[in-house]
Amino acid sequence: MLVKIEHTRDFRALAKLNETVQSWHHNNFPQEFKPFDLNEITNAFKRMLENGNTIAYLAKDENKPIGYLLGFIKDRPDSAFQYKKSVLYIDQIVVTQEYQNSGVGQLLMDRAYEIAKVKQVTEVQLDFWSGNQSAEHFFLRNGFDYFNHRMKK
Ligand SMILES: CC(C)(COP(=O)(O)OP(=O)(O)OC[C@H]1O[C@@H](n2cnc3c(N)ncnc32)[C@H](O)[C@@H]1OP(=O)(O)O)[C@@H](O)C(=O)NCCC(=O)NCCS
């Protein structure tokens, strides 16, 4: 296995890889998440990648796409309530099942930390849906910690 991480604007490759995570969300939260639809998701990625604040990295084994990380740089202006802050928000990270647990996710995160440094963001944020234990474990191992709780009834 020869894994390379590259900056990407290949929205079609990202859309195909998205099936792994979209299907998990649809199966576990069917009232929130739609079934994976390649056409719709391809269009959504195309639009997201047109935004200059979007960062996207593709992991490839030789030339085969095996995972990606998609994030946004978000600037919060100073206000009466909160201090100014610049955040790299990791929206999606996916590694195809056959390549999980072999360090690919970590390579993607390491690349995100590099860009966070370059862009001089104050912090890196992310969230995940309840019950996604492998994601929770992976993010805790990466040093992330809880800072906010959302509730519903
Ligand atoms: C969460 C996710 C991205 C992690 O990616 P990953 O490639 O499996 O992660 P890594 O391989 O880097 O790390 C996972 C484990 O493999 C271990 N590992 C790393 N390199 C390794 C290697 N060369 N050989 C064996 N194990 C290795 C890591 O130490 C880690 O072990 P731990 O469980 O003891 O902490 C992946 O599970 C995934 O795509 N899940 C589905 C999508 C999802 O839920 N995404 C998050 C919400 S958007």
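Every read-out reported here was derived from the displayed coordinates using simple, explicitly stated rules and does not represent laboratory data. Bear in mind the structure is a predicted one, so any value in this text is a computation, not a measurement. With ideal geometry, Cβ positions are generated from the backbone for all residues, glycine too; neighbour counts draw on all protein chains shown.
Restricting to Cα pairs below 8 Å that are 6+ residues apart, what does the relative contact order work out to for the chain? Please round to a whole percent.
On the way: 209 pairs, mean separation 31.3, N = 153.
Computed over the chain, the figure is 20 percent.
Over the residues of the stretch 22-153, compute the C-alpha Rg and express it relative to 2.2 N^0.38 Å. Display every interim value, and only then the final one.
Values: Rg = 15.9 Å, N = 132, 2.2 N^0.38 = 14.1 Å.
In units of the 2.2 N^0.38 Å rule of thumb, it is 1.13.
May I ask you to work out the translational diffusion coefficient for the stretch 52-130 at 20 °C, viscosity 1.002 mPa s, via Stokes-Einstein with Rh from the Kirkwood sum over Cα pairs, reported in whole µm²/s? Intermediate results must be reported in sequence, preceding the final value.
Working: Rh = 13.7 Å.
It diffuses with D of about 157 µm²/s by this estimate.
Within 10 Å of each candidate Cβ there may be at most 15 other Cβ atoms; applying that plus a DSSP loop requirement, which GluC sites (Glu not before Pro) in the stretch 36-98 survive?
Answer in residue order: Glu62.
Could you work out how far the C-alpha centroid of the stretch 50-89 sits from that of the stretch 100-153, in angstrom?
Each part's Cα centre sits 12 Å from the other's.
For the chain, list the DSSP H helices whose alpha carbon atoms reach 15 Å or more along the long axis and whose average Kyte-Doolittle value is -1.0 or above?
Values: long enough: 38-50 (18 Å, -0.35); 104-118 (22 Å, 0.36).
Qualifying helices, which must be both long enough and hydrophobic enough, are 38-50, 104-118.
Within the chain, what's the longest run with no chymotrypsin sites (Phe, Trp or Tyr not before Pro) in a DSSP loop and at most 10 other beta-carbon atoms within 10 Å? Give the range, please.
Numbers: sites that count: Phe81, Tyr83, Tyr146, Phe147.
Here the longest segment lacking exposed loop sites spans 1-80.
Can you pull out the trypsin sites (Lys or Arg not before Pro) in the stretch 1-84 that DSSP calls coil and that have at most 13 other Cβ atoms within 10 Å?
Values: sites: Lys4, Arg9, Arg12, Lys16, Lys46, Arg47, Lys60, Lys74, Lys84; in loops: Arg9, Lys84.
Those that pass, being in a loop and sparsely packed, are Arg9, Lys84.
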